[in-house]
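**Student:** Sharing a structure here in structure tokens format.
No lab work stands behind these numbers, since they all come straight from the coordinates. None of the values given here were measured: they were computed from a predicted structure. Because the Cβ atoms are built from the backbone with ideal geometry, glycine has one as well, and the counts that use them run over all protein chains shown.
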Amino acid sequence: MELVQQLTEWSGTLAGLLWGNPLTLIILLGTGLYLTIRMGLVQLRGFSHAFGLVSGKYSCRTDAGEVSHFQALSTALSATVGTGNIAGVATAITLGGPGALFWMWVTAVFGMATKFVECTLALQFRHISPDGTVAGGPMYTLLKGLRMPRLAAMFATFALIASFGIGNMVQANSVMDGLRYIAPELDAYRWFIGCALAALVGLVILGGVKRIAHVASTIVPFMAMAYLFAALLVLANHAAAIPEAFATIFNMALNPWSVGGAAVGEAIRWGVARGLFSNEAGLGSSPMAHAAARTNEPVREGLVAMLEPFIDTLVICTLTGLVLVVTGAWQESSESLTGAALTAHAFGGALGDAGAWVVGGGLTLFAYSTIIAWSYYGDRSAFFLFGERAVLPYRVIYTLLIVIGAAVPLQLVWNIADVTNILMALPNLIGLVLLAGLVKKLKDDYFATPQTKGTET
């Protein structure tokens, strides 16, 4: 136990240094700014066309790939929409003030360009097996696009490790957190619930990306709409406080003369950190899901992918943040009332017991969908490193670890996941910067072609 405690402390210190380091945040955010400029504000100019692609307007069933644009987006969103939208926003606002929400918006806007570039590259350099199955992501971009096999293997290794942490055991623990909000007595049945959850996950992931995409495209719209409806209901009950809430957000984000330079600095730090944690722009995870999209035009999937930060952060995180501000819950945080508990408190104050059901149910479904999506990221990494023979054993081990994740405290796993996530980002960002010129050419060629490919807005 002493060894575990010591490892927890060491890994926590390292994770804090990596995520709390201004240099890390500058690199992630700076890359997004650079790509925004290099791509000519693609997140604005291609926005409406991206929705047309998701609706199936330009789809072709004879194109290579395994899933539709909508299913690829749903799979990627099921990995990003999760605890970050409920607990992460509350943490950012608690530690950085309401101004942190503004800086989450900034990360989302720049993150849209980052997602566009990394997912366009994932399609450009994906691997298609003779049987039609697809593997893609930063490891293939680094291998085929830059001929950097060691850097590719480094990314795949860290992604594989991260899948067991942030994508698996941490999320299984979050499922238990969500169930505790709904029925506290369920906490005594952690092992049983863990086994049931493992069975539900196994039934999905053993069927591969097509089954994962089918389930994700069913769960994600349902859970997102239910959560958004509840948030909008809370905001409707506090409509008079919304203008003041926006004024507070902007003031605490940008006005050091009013709130102090230190307060603005904390808003930037926590807003950027939690924003990037929530939408995963630059980490290199979602390109693995988008690589399976059924299209022969890499730019199309890049445009679809840039909707992720918009939906995840600019929509869902914004509504969570506004609920925390307009209800005044952010000022009531304490040692026992933080993260998801604070969000539940905010919803509960406005909706009564239904608020706990909204947050608890949302957290449970969000975490479950994240587990199934990250299983695909892990098995693509295992496939890259060890070949097809490693995929089934990986899926079995992944499923079994869910039981442990639901049953035991996981601070050590959280810390390891935080470290491996940021280590995933570094090789991915190198690839994005070095291949930005190629993506710009692909984008320009795509939009120069007439209506068969779509036109910019």
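**Student:** Roughly speaking, what is the centre-to-centre gap between region 393-440 and region 173-225 when only Cα atoms are used, to the nearest Å?
**Tutor:** Cα centres, region 393-440 to region 173-225: 19 Å.
**Student:** Taking the Cα centre of the chain as origin, work out the dipole magnitude from +1 charges on Lys and Arg Cβ and -1 charges on Asp and Glu Cβ, in debye rounded to 20.
**Tutor:** Values: 24 positive and 25 negative charges, 286 e Å.
Result for the chain is approximately 1380 debye, rounded to the nearest 20.
**Student:** Now for a separate question. Can you sort 313, 420 by how many other beta carbons sit within 10 Å, fewest first? Intermediate results must be reported in sequence, preceding the final value.
**Tutor:** On the way: 313 32, 420 21.
So the residues, fewest neighbours to most, are 420, 313.
**Student:** Which whole-number percent is the relative contact order of the chain (Cα, under 8 Å, 6+ apart)?
**Tutor:** Working: 839 pairs, mean separation 168.3, N = 457.
Reported as a whole number, the value is 37 percent.
**Student:** Sticking with this structure for a sec: If I require 24 Å or longer along the helix axis, counting alpha carbons, and a Kyte-Doolittle average no lower than 1.0, what helices from the chain are left? Use full DSSP H segments.
**Tutor:** Numbers: long enough: 2-20 (26 Å, 0.31); 99-124 (38 Å, 1.17); 208-237 (43 Å, 1.44); 261-279 (27 Å, 0.39); 353-386 (49 Å, 0.76); 391-407 (25 Å, 1.84); 411-434 (36 Å, 1.39).
Length and hydropathy pass: 99-124, 208-237, 391-407, 411-434.
**Student:** Quick one: grab the alpha carbon gyration tensor of region 365-427, order the square roots of its eigenvalues as a ≥ b ≥ c, and give me rounded if a/c is under 1.5, else prolate or oblate depending on whether a/b is larger than b/c.
**Tutor:** oblate
**Student:** Next question, about the same structure. What number does region 102-220 give for Rg over Rh if you use C-alpha atoms and the Kirkwood radius? Intermediate values should be presented prior to the final figure.
**Tutor:** Working: Rg = 18.4 Å, Rh = 17.5 Å.
Computed over Cα atoms, the ratio is 1.06.
**Student:** Still on this structure, I have one more. Dividing the Cα radius of gyration by the Kirkwood radius, what Rg/Rh value follows for the chain? Working shown, then result.
**Tutor:** Numbers: Rg = 20.8 Å, Rh = 21.9 Å.
Using Cα coordinates only, the ratio equals 0.95.
**Student:** Between their Cα atoms, which of 144/440; 210/441; 57/440 are more than 27 Å away from each other? Show your work: numbers first, answer last.
**Tutor:** Numbers: 144/440 18 Å; 210/441 31 Å; 57/440 24 Å.
Beyond 27 Å between Cα atoms: 210/441.
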